[in-house]
Amino acid sequence: MTFQEEFVEEVRNSCDIVEIISEYVDLKKTGKNFVGKCPFHNEKTPSFTVAPEKQMFYCFGCKTGGNVYTFIMKKENLSFPEAIEFLANKAGIVLPQPDDSAAISQKGRIKNIILEILKDAANYFYYNLIKTESGRHAFEYLIKRGLSKEIIRKFGLGYSLPEWDSTKKFLESKGYDEKSIESAGIIIKGKYNNYYDRFRGRIMFPITDVMGRVIGFGGRAIADSDSQPKYLNTPDTVVYNKRKNLYGLSIAKRESSKKGIIIVEGYMDVIALHQAGFTNTVASLGTSLTIEQAKLIKRYTDEVYLAYDSDEAGKAASIRGMDILNDIGLIVKVIMFPEGLDPDDYIRQKGREEFHNKINEALPLMDYKLMTLKEGYDMSSPLDKRAYISKIAPHLLKIKSFVERDAYIRKISETLGIREEALRIDINRYSKKNQYGNTIEHKKVLKTHNNKNNAKFKIMPAHIKAEWDLINLLINEDQVYELIKNNFSLSDFIDDINREIAKIIYSLKNSQTEISPAEIVDKLGREEYVKRFSHIVARDVIYEDAEKTVLDCIAKIKGYKLQQELDNIQQLIKKTEASTKSNEHELNKLLVKYQEILERKKSLKFGC
């Protein structure tokens with residue numbers, strides 16, 4: 001069975017590679033990646049790496065790598081279509097029927113049109129904010145809220161004009177029809193079949209997916225009013241589902257592995273914290289944190305800071321959110337704010353350093369629960385103590401580590417002035433009453449070694465390493481794509497496999513702004529290409545100056561080619577000089593050509 005590209009992408013995005021591979025391999029978190037013993041060859045020292053951020057795996061021992069499809073194909077001995085079907089069933093995605101193919105293809109076309117509509121709408125709203133008289137008061141409002149022009153541009157903030165159909169008219173002028181604009185969530189159909197703008201007279205916050213594509217909007221009323229909601233959001237569409245996305249994640253994911261992720265409630269909180277340098281901040285799009293959002297976060301970090309508002313709603317959201325995050329294995333801490341302040345208020349009033357102190361003082365999950373759940377109880381009353389213990393007992397029993405649970409029981413005992421034995425008896429009673437068993441999972445702990453493996457590495461030639469770096473830069477550094485494209489063609493690649501990989505990347509880059517390594521694997525086809533590409537992206541190289549690196553790489557590759565030409569000409573010169581029928585004219589031609597190539601090599605520009 002042949003599957004449409006859109007379905008292949010849907011299944012791949014629904015299957016977290018760490019979760020899938022964990023069913024076959026004992027993985028241990030090491031930095032931002034996971035490491036285990038390779039399931040494809042026998043090894044004593046783990047050399048098998050899984051990168052959740054890239055949704056890729058690679059073994060430095062047997063050189064096998066790829067995405068979630070590649071893994072299942074090899075492990076279950078399946079074809080590509082069979083691997084898609086296997087993973088679709090795991091993700092609970094209904095397989096398309098053979099006669100659905102035309103409909104799926106049509107859905108893909110509609111999706112692409114909607115993404116274009118949303119991109120054009122975002123540009124239109126930004127223009128309204130920056131360039132029009134109508135948008136001036138909205139722009140001034142943002143400036144008064146402490147936002148800089150740079151941060152407004154970075155997040156693409158905009159303004160929807162107050163007229164009933166200005167956005168509709170603009171998009172129609174770009175060639176889009178009413179039905180497509182409605183499907184994008186931009187306009188609404190009225191009682192009399194007339195269409196009008198969903199967003200009117202609002203500050204617009206473009207919502208992007210993890211690849212940076214605009215998939216929806218949040219619109220904020222400038223003035224508070226009982227006649228209209230303060231915030232208005234895009235409804236769920238074929239490209240947007242608020243349960244599966246996080247505001248700001250496309251930017252925050254770059255910093256998340258080093259700093260963890262800060263989760264806040266609102267758009268302005270995210271933007272204010274990013275402006276202050278906390279670029280690892282996201283928001284949960286006006287809904288309580290969902291399991292889908294938690295799993296998305298887990299791809300990029302293992303530590304989360306909840307920074308919700310200090311009101312009762314914020315506290316309730318913290319409790320709900322922390323349980324979801326904790327249940328999937330994330331380390332959760334809660335940042336506390338004075339009563340009446342949200343993160344945006346706090347950062348503007350107190351500044352960056354004080355907010356950084358708040359992060360350092362963040363309470364671990366259980367400490368926050370113990371403090372919050374105590375509110376409303378009189379700890380001098382034995383009855384209130386008993387009620388409090390029954391309230392915290394289920395939270396204590398969810399702690400998987402015996403050592404950690406024991407430490408908290410001793411802490412509660414000291415705080416409440418209750419003997420540990422009595423406290424344990426009450427908690428055990430609750431456990432039996434509510435059928436709480438021992439929640440510790442006994443798993444075999446693998447011994448790991450400090451990033452060493454027994455594989456013998458060959459020194460890679462400088463020009464090949466340069467080609468690998470260019471491929472890495474094409475994927476990970478959007479700002480250098482044009483620089484590479486304008487100064488380095490496919491024919492400039494020396495290695496054939498590298499050239500084919502770059503060809504796929506160029507093709508994808510020409511049709512979409514962001515691409516993922518896992519998506520590229522599906523396009524490569526041949527196993528040797530997948531192995532090479534997986535090795536390239538597994539290296540996790542950090543480029544301090546991407547543009548300089550690009551120029552250095554191009555110079556190395558072109559310099560190598562020119563040196564090859566020089567070596568060939570040198571051989572010809574030697575042969576000509578040694579010949580009994582030495583041709584002076586031919587010798588001069590070779591010498592001139594040699595000099596020309598030498599000058600070209602000297603003129604190559606390395607990054608400065």
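Quick note: the coordinates plus some simple rules give every number you see, no bench work behind them. Owing to the predicted nature of the structure, the values given are computational and were not obtained by experimental measurement. Cβ atoms come from the backbone with ideal geometry, glycine included; neighbour counts cover every protein chain shown.
Can you tell me, using C-alpha contacts under 8 Å and at least 6 residues apart, the relative contact order of segment 367-433 as a whole percent?
Numbers: 37 pairs, mean separation 20.1, N = 67.
About 30 percent, as a whole number.
Antiparallel versus total DSSP beta bridges in the chain: what percent is that, nearest 5?
Expressed as a percentage, antiparallel bridges in the chain total about 75.
In nm, what is the difference between 0.36 nm times the number of residues separating Thr415 and Ile497 and their Cα-Cα distance?
23.0 nm
Around Leu306, which amide H atoms from residues at least 5 apart in sequence, or from another chain, sit under 5 Å from its own amide H, with H modelled in the peptide plane?
Here Ile263, Lys333, Val334, Ile335 satisfy the definition.
Give me the net charge for the shell around Ile399: Cβ to Cβ below 11 angstrom, other residues only, Lys and Arg +1, Asp and Glu -1.
+2
In the neighborhood of Glu303, defined by Cβ-to-Cβ distances under 13 Å, what is the net charge if each Lys or Arg adds +1 and each Asp or Glu adds -1? Show your work: numbers first, answer last.
On the way: positive: Lys29, Lys32, Lys258, Lys259, Lys298, Lys333; negative: Glu255, Asp302.
It works out to a net charge of +4.
Computed FRET efficiency, Cβ-Cβ of Lys111 and Lys391, R0 45 Å: what is it to the nearest 0.05? Don't skip to the end; give the middle numbers.
Numbers: r = 47 Å, r/R0 = 1.04.
That pair, Lys111 with Lys391, gives E of 0.45.
Identify all lysines with a Cα-Cα distance to Lys149 below 22 Å; exclude those on the same chain that are fewer than 8 residues away in sequence.
Within reach: Lys119, Lys131, Lys350.
Placing unit charges on C-beta atoms (Lys and Arg positive, Asp and Glu negative, everything else neutral), compute the dipole magnitude of the chain about its Cα centre in debye, rounded to 20.
1280
Given a cut-off of under 8 Å on Cα pairs at least six residues apart, what relative contact order in percent is computed for segment 462-602?
Values: 100 pairs, mean separation 41.2, N = 141.
For segment 462-602, the relative contact order is 29 percent.
Quick one: Tyr192, Tyr69, Tyr305, fewest Cβ neighbours within 10 Å first, how do they rank? Intermediate results must be reported in sequence, preceding the final value.
Details: Tyr192 5, Tyr69 24, Tyr305 21.
Final ranking by Cβ density, sparse to dense: Tyr192, Tyr305, Tyr69.
Under a 5 Å amide H to amide H cut-off, with H placed in plane at 1.01 Å, what residues pair with Thr281 once short-range neighbours are removed?
Ile262
How big is the dipole moment of segment 113-240 about its Cα centre under a simple scheme where the beta carbon of each Lys and Arg is +1, that of each Asp and Glu is -1, and everything else is neutral? Debye, nearest 20, please. Could you put the intermediate results ahead of the total?
Working: 20 positive and 16 negative charges, 70 e Å.
In total the dipole reaches around 340 debye.
Taking 35 Å as R0, compute the FRET efficiency from the Cβ-Cβ separation of Lys465 and Lys575 and round it to 0.05. List each step's numbers first, then the result.
Values: r = 33 Å, r/R0 = 0.94.
In this case the efficiency is close to 0.60.
Roughly what would the spin-label model give for Asn241 and Asn193, points 7 Å off Cα along C-beta, in nm?
Here the modelled spin labels are 3.3 nm apart.
Enter the angle in degrees (range 0 to 90, nearest 10) between the Cα long axis of helix 496-511 and the first principal axis of the Cα atoms of the chain, meaning the one along which they spread out most.
With both axes taken from Cα atoms, the answer is about 50 degrees.
Could you work out the relative contact order of the chain, using alpha carbon pairs under 8 angstrom and six or more residues apart, expressed as a whole percent?
Details: 826 pairs, mean separation 64.4, N = 608.
RCO, the chain: 11 percent.
Going toward the positive end of the dipole of the chain, with +1 on Lys and Arg Cβ and -1 on Asp and Glu Cβ, which of Gly219, Asn123, Ala462 do you reach last?
Ranked along the dipole, the leading option is Ala462.
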